[in-house]
Amino acid sequence: MRRGVGKGRVSARVLDPPPDKVRELQRALYRSAKADPRRRFHALGDKVYRRDVLQRAWEQVRANRGAPGVDEVTVADVVQYGVDRLLGELELELAEGRWRPQPARRVWIPKPGSAERRPLSVPTVRDRIVQTAVKIVIEPIFEADMSPHSFGFRPKRTAHDALQVLHDETFKGKRWVAETDIASCFEAIGHEGLLEAVEERICDQSLLRLLRAMLRAGVMGHGAVAHPVTGTPQGGVISPLLANVYLHRLDRQWRTGRDGVLVRYADDLVAVCNSQRQAERALRVLEQRLAELGLQTKAAKTRIVHLEEGGEGIDFLGFHLRMVRGRSPRSRHVVFLARWPSRKAMAHARDRLRFLTARARLAAPHDQVVAEINRFLRGWAGYFRYGNSAYHLDRIRSFAVGRLARYVGYRHQAGVRYGWHRVVHASPDCMGIIDLNGIVVAPRANKPWREKPNATW
């Protein structure tokens, strides 16, 4: 395309951006899988070690950062070593079938709002690159089959999409909910059953060997390596995709008309039903189907709830959802499903703000502390603003201002009253704490929560 060609003008050429070969590969795989649901793909291994695929995998690993694995090599160390050099080594090892993963480093992280700890497995940076490359290649194939009511860890799908289904279905009159959680889902998935699910779509032996090696790499904790016969380690790049592939067997056997509408976000399950009887049936079917997959429901999180005005609600994906009546004269006759941050989400936010303003951090300048508080508030409010959350966002912002006032008072050794005067009265913007007023977007039934829904592959 040319522009500005003429007397006294300098000609210029506006070049189209270079084609994204990786995206073209993914779209081609998706279209092929979508066109033939019974097709098994047999020529994928060579695509994993394509240099552009490995380069894209490295870019994603670098963007996600993350801790080092058992070899203690960080992303910065890889940059210093030479990215092209490392990718060349991985390309050669994969092409010759010599690549072997190292055990993942086992760490335990606390669950927000709970005394429990969750096991997390941290692969090495090299292994994360290979896992990401495999994910880039095989994800479009399995995406072509996935259920429309599966939302967790899928491209262009979010928790808010799952929550929107609940709003839509309750608006249609479904007021009974069967909710449960899969106990130790990532650790309980059997390797053989998982590989059988993968082989329904993929018969490339070189790629299957890569997946077997990843599953059998084991985890290192307390100086010893364990090789469990079940589980796709939580923390691995490819683990969420493999869990979805395995649980797709549950999704495709679900009968929406008979058992209600199933909403699955990874291992969190909710069935929205027309009656108590249907909800009880849905719960039995869930337990039976999961048992067939070698999985169990978590008893503490399994229950049936009737969504009604004045009744109890449910906690799902960080939100508390319950039926409420409109408050304005024009909406007092309307009962609708409202949602706002759950108690656990509020407690987690307060704990994080307490940490950012703790006495142990008094040496940090207040500008740095304010920047860290704002970074957290933007992320937290960016998620919970899609709900009836104005009151709760205001409470968290007020809590942040109060914690900053305590921090300033203690830092100047003048007490909380001095800090409150400096932050609230002497500063027109509370020393830069961002304002969360006016950002809430209330959900509406049968209306997309985002203005422009994401396109498909």
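The values are calculated or read from the model by the stated rules, or taken from the named source; none is laboratory data. For clarity, every value in this text was computed on a predicted model and none was experimentally measured. Note that each Cβ is placed from the backbone with ideal geometry, even for glycine, and that neighbours are counted across all protein chains shown. To get the accessible areas, we keep the full protein, side chains included, count just its heavy atoms, and leave off ligands, DNA and RNA. Shrake-Rupley method; radii C 1.70, N 1.55, O 1.52, S 1.80 Å.
General remarks:
- Unmet requirement for Arg403, which otherwise passes all of (1) under 28 Å from the mean Cα position of the chain (by Cα); (2) modelled with pLDDT of 95 or more: (1)
- Residue within region 270-283 that is touching an Asp or Glu at 6+ places or on another chain (Cβ under 9 Å), within 30 Å of Gly173 (Cα to Cα) and part of a loop (DSSP other than H, G, I, E, B) present: no
- Hey, Arg339 closer than 19 Å to Gly402 by Cβ, among the basic types (Lys, Arg) and in contact with a helix residue (DSSP H, G or I) (Cβ under 7 Å, 6 or more places away or on another chain) or not: no
- Every pair of residues 6+ apart whose Cβ atoms lie under 7 Å, when the first sits in region 84-99 and is acidic (Asp, Glu) while the second is part of a helix (DSSP H, G or I) and at pLDDT 95 or above: Glu91/Arg51; Glu91/Leu54
- Those strands (runs of 3 or more DSSP E) of region 288-391 in which at least 2 residues are open to solvent by 70 Å² or more (accessible area, probe 1.4 Å) and in contact (Cβ under 8 Å) with a residue 12 or more places away in the chain, considering only elements entirely within it, cover 319-325.
- Ile136 farther than 25 Å from Ser184 by Cβ, touching a strand residue (DSSP E or B) at 6+ places or on another chain (Cβ under 9 Å) and either surrounded by fewer than 18 Cβ atoms within 10 Å (Cβ to Cβ) or in contact (Cβ under 8 Å) with a residue 40 or more places away in the chain (or both): no
- Residue pairs whose Cβ atoms lie under 6 Å apart, separated by 6 or more positions or on different chains, with the first residue in region 410-424 and on the phi < 0 side of the Ramachandran plot and the second among the hydroxyl-bearing types (Ser, Thr, Tyr) and exposed (fewer than 13 other Cβ atoms within 10 Å of the Cβ), do not occur.
- If the condition is being of a type outside the set (Gly, Ala, Ser) and assigned to a loop (DSSP other than H, G, I, E, B), then region 422-443 contributes Pro428, Asp429, Ile433, Ile434, Asp435, Leu436, Asn437, Ile439, Val440, Val441, Pro443.
- Some residue of region 161-172 being crowded, with 16+ Cβ neighbours inside 10 Å, part of a strand (DSSP E or B) and over 20 Å from the mean Cα position of the chain (by Cα): no
- Filtered residue count, region 248-269, keeping only those that are in a helix (DSSP H, G or I), in contact with a strand residue (DSSP E or B) (Cβ under 6 Å, 6 or more places away or on another chain) and open to solvent by 20 Å² or more (accessible area, probe 1.4 Å): 0
- The listed residue being touching a Phe, Trp or Tyr at 6+ places or on another chain (Cβ under 7 Å), closer than 16 Å to Glu179 by Cβ and not charged (D, E, K, R), out of Val270, Val245: Val270
- Of all residues in region 204-217, exactly one satisfies the criterion of being surrounded by 18 or more Cβ atoms within 10 Å (Cβ to Cβ) and either among the small types (Gly, Ala, Ser) or in a strand (DSSP E or B) (or both), namely Ala217.
- Residues located in region 249-296, provided they are among the polar types (S, T, N, Q) and within 26 Å of the chain's Cα centre (by Cα): Gln253, Thr256, Gln296
- Check on Gly235, buried (at least 21 other Cβ atoms within 10 Å of the Cβ) and modelled with pLDDT under 90: yes
- Within region 18-45, restricting attention to residues that are under 15 Å from Glu139 (Cα atoms), in a helix (DSSP H, G or I) and touching a helix residue (DSSP H, G or I) at 6+ places or on another chain (Cβ under 6 Å), the residue that is most open to solvent (accessible area, probe 1.4 Å) is Tyr30.
- Here Ala405 fulfils each of the conditions (1) surrounded by fewer than 19 Cβ atoms within 10 Å (Cβ to Cβ); (2) more than 30 Å from Ala445 (Cα to Cα) apart from (1).
- Filtering region 144-161 to residues that are among the basic types (Lys, Arg) and in contact with a strand residue (DSSP E or B) (Cβ under 9 Å, 6 or more places away or on another chain) leaves only Arg157.
- Qualifying positions in region 408-457 - under 21 Å from Gly382 (Cα atoms), open to solvent by less than 90 Å² (accessible area, probe 1.4 Å) and modelled with pLDDT under 90: Ala445, Pro448, Trp449, Arg450, Pro453, Asn454
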